[in-house]
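**Student:** This is the structure I want to talk about, given as structure tokens.
The values are calculated or read from the model by the stated rules, or taken from the named source; none is laboratory data. Keep in mind the model is a prediction, meaning the values are calculated, not measured. The area values use the complete protein model at the heavy-atom level, side chains included, leaving out ligands, DNA and RNA. Shrake-Rupley method; radii C 1.70, N 1.55, O 1.52, S 1.80 Å.
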Amino acid sequence: MQYGNQPTVMAQLLGDTVKEKKKPDVATKAQAADKSRQTRQALGTKGKKQKKAAKAAAAATPAAPAVATTTPKSS
């Protein structure tokens, strides 16, 4: 691959134009972060580390022993 990952060279060869990627401004990023926090709070979702900690805490608490029920077999 002679040109590799060079979009400008490939665009010139193919007769296409390279479009610049628009970067979001600080206000947009802040708004997105706030919206994400609100969604997490509303849905009660957690991140990977929080889920891992919650599972570890649940595993550390002893579970109640299961009650064995037997049903007599009918002949």
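**Student:** Given the structure, is LYS73 open to solvent by 70 Å² or more (accessible area, probe 1.4 Å), at pLDDT 75 or above and not polar (S, T, N, Q)? So that I can check it myself, show each step before the final result.
**Tutor:** Details: open to solvent by 70 Å² or more (accessible area, probe 1.4 Å): yes; at pLDDT 75 or above: no; not polar (S, T, N, Q): yes.
No: the conditions fail for LYS73.
**Student:** Looking at segment 6-53, which of the residues that are part of a loop (DSSP other than H, G, I, E, B) and polar (S, T, N, Q) is least open to solvent (accessible area, probe 1.4 Å)?
**Tutor:** The residue in question is THR45.
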